[in-house]
Amino acid sequence: MAEISYGQFCPVAMAAELLCTRWTVIVLREMIAGSMRFNDLRRGLPRMSPALLSQRLKQMEQAGVIARVRVKGEPGVFEYQLTQSGKDLRPLIESLGVWGQRWIQTRATLQNLDPQLLMWDMRRNLNPTPMPARRSTIQFHYAELPEAQRTWWLIVAPDSDVDLCSVDPGYEVDLFVASTLKTMTAIWMGLETVRRAVNERQVQLVGDKKLASSMQAWLDLSPFAREKKLVA
């Protein structure tokens with residue numbers, strides 16, 4: 001798998017040859033977060049080309065980090081599953097995230113804005129417990145973005161996976177959320193709170209009052225948001 005060899009027997013060097021090719025660690029992040037199918041991986045990696053994703057998956061399969069497995073009952077459909085070797089990388093990937101949250105400056109964090117990654121991350125981490133025991137449709141609007149990236153819908157229903165749509169699903173909207181992408185990313189990463197952003201008119205909430213008042217709770221934030229920045 002190594003594109004460049006360090007020529008050293010040191011386990012750190014040999015592991016780096018395997019893991020430090022471009023996008024490999026980010027693909028592993030997506031798999032550890034629960035994405036196992038190619039299209040789901042692509043949704044969390046919108047700036048990675050499908051060809052390069054296929055290449056990295058094949059390389060990791062050859063290295064024994066993941067396995068390509070047929071999905072029972074779905075002919076021709078495969079999932080990519082972490083092997084024990086891949087599962088052993090979880091603490092490493094999580095520690096990288098913790099380090100980045102603590103030591104990468106806030107300005108740098110908020111320069112790398114990506115609406116598709118943000119909304120996909122929200123979708124898979126959302127906590128439905130504080131929400132009503134019925135279908136709830138939440139519309140997010142980022143007015144400054146191009147039309148194709150401007151509006152997103154999260155659909156939360158009891159006993160169902162959270163659904164993310166970039167085209168109008170046709171349901172009545174229970175809560176409309178308007179902000180800039182930068183503000184919502186800051187909230188998601190724990191650098192801002194919903195209440196403060198609303199008070200400062202950086203976020204507008206229109207609709208169901210219970211959904212609006214519990215937004216900080218059901219949003220649940222990035223897994224790294226609990227880590228405090230140790231640099232400005």
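The values are calculated or read from the model by the stated rules, or taken from the named source; none is laboratory data. Quantities reported herein were computed from a predicted structural model and do not represent experimental measurements. We place every Cβ from the backbone using ideal geometry, glycine too, and count neighbours over all the protein chains shown. Accessible surface areas use protein heavy atoms only, side chains included; no ligands, DNA or RNA. Shrake-Rupley method; radii C 1.70, N 1.55, O 1.52, S 1.80 Å.
General observations
- Cα centroid separation, region 25-91 to region 160-232: 28 Å.
- Qualifying trypsin sites (Lys or Arg not before Pro) for region 136-223 [loop in DSSP, other Cβ within 10 Å: at most 13]: 201
- Counting only Cα atoms, region 80-154 measures 39, 36, 26 Å along its principal axes, largest extent leading.
- Global size of region 63-192 as Cα Rg and Dmax, reported in angstrom: 17.9, 48
- Cα-based equivalent ellipsoid of region 3-59: semi-axis lengths in Å, sorted from largest, via gyration tensor: 24, 12, 8
- Shape box of region 1-120 [Cα atoms, principal axes, largest first, Å]: 47, 42, 25
- In range of the label at residue 105: residues from region 200-232 whose backbone nitrogen is under 15 Å from the point 7 Å along Cα→Cβ: 230-232
- Per residue, region 104-220 exposes 54 Å² of accessible surface when a 1.4 Å probe is rolled over the protein heavy atoms with every protein chain present.
- Surface exposure of region 1-84, expressed per residue as accessible area with a 1.4 Å probe, stands at 60 Å².
- Highest mean packing first, where packing is the average number of other Cβ atoms within 10 Å per residue, the peptides 103-114, 29-40 line up as 29-40, 103-114.
- Each distinct pair of alpha carbons in region 128-232 adds a 1/r term; the inverse of their mean, the Kirkwood radius, is 14.5 Å.
- Of the Cα atoms belonging to the chain, the radius of gyration and Dmax stand at 19.4, 61 Å.
- Carbon plus sulfur fraction of accessible area for the chain, probe 1.4 Å, in percent: 51
- Per residue, the convex hull volume that the Cα atoms of region 122-188 enclose (Å³): 90
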